[in-house]
1. Spelling out what I want: for every residue of region 65-76, take phi, set θ = phi - 60°, compute 6.51 cos²θ - 1.76 cosθ + 1.60 (Karplus), and round to whole Hz; glycine and proline get x.
2. Lysines within cross-link reach of K75: Cα-Cα under 16 Å, excluding same-chain residues under 8 positions apart?
3. What aspartates and glutamates could a cross-link reach from K64, if we take a straight Cα to Cα line under 16 Å and drop same-chain neighbours fewer than 8 places away?
4. Stretched out fully, how many nm does the piece from R32 to E71 gain, at 0.36 nm a residue minus the Cα gap?
5. Once phi is turned into ³J(HN,Hα) by the Karplus curve 6.51 cos²θ - 1.76 cosθ + 1.60 with θ = phi - 60°, what whole-Hz value does each residue of region 50-55 show in order, with x for glycine and proline?
6. Check G57: other-chain or 5+ apart residues with amide H under 5 Å from its amide H, H built from backbone geometry?
7. Can you run phi through the Karplus equation (6.51, -1.76, 1.60; θ = phi - 60°) for region 7-19 and list ³J(HN,Hα) in whole Hz, with x for Gly and Pro?
8. Using a Gaussian network for the chain with springs between C-alpha atoms less than 10 Å apart, which of these wobbles most: A12, A62, A26?
Amino acid sequence: MSKQTEAKERQAYTPKAIPQTCGNCAHFTADRVNRNAAYMGQAGVTAYWEDTNMRCGIGGFAVKKMGTCNEFAGKA
């Protein structure tokens, strides 16, 4: 193994870190609502989904996608 590879392993280098935010947490729950359902089927209209009722699965309280806490668990 090269010195660089050994150094990367020793330092636990991650080329693309996953932010520890509620939107990336396994405990994050939300209802997905299609906001343009009336226009579906028409040419040129793409689906627009919105997350509503965003909650923490552990505490049950309302959260924002960019929020964070000490109970973060990455999605599998």
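1. Couplings: 4, 8, x, 8, 7, 7, 9, 4, 9, x, 6, 6 Hz.
2. K16, K65
3. Of all the aspartates and glutamates, those that pass the test against K64 - Cα under 16 Å, at least 8 places apart if same chain - are D31, E50, D51.
4. On the way: separation 39, 0.36 × 39 = 14.04 nm, distance 2.35 nm.
Extra length available between R32 and E71 comes to 11.7 nm.
5. Karplus values, whole Hz, x for Gly and Pro: 10, 8, 10, 6, 6, 9.
6. It is F28, T29, by chain and number.
7. Once θ is set to phi - 60°, the couplings for region 7-19 become 5, 4, 5, 4, 8, 6, 4, 10, x, 9, 6, 8, x Hz.
8. In this elastic network of the chain, the residue with the biggest mean-square fluctuation among A12, A62, A26 is A12.
Read-outs: derived from the displayed coordinates by stated rules, not from any lab. Quantities reported herein were computed from a predicted structural model and do not represent experimental measurements.
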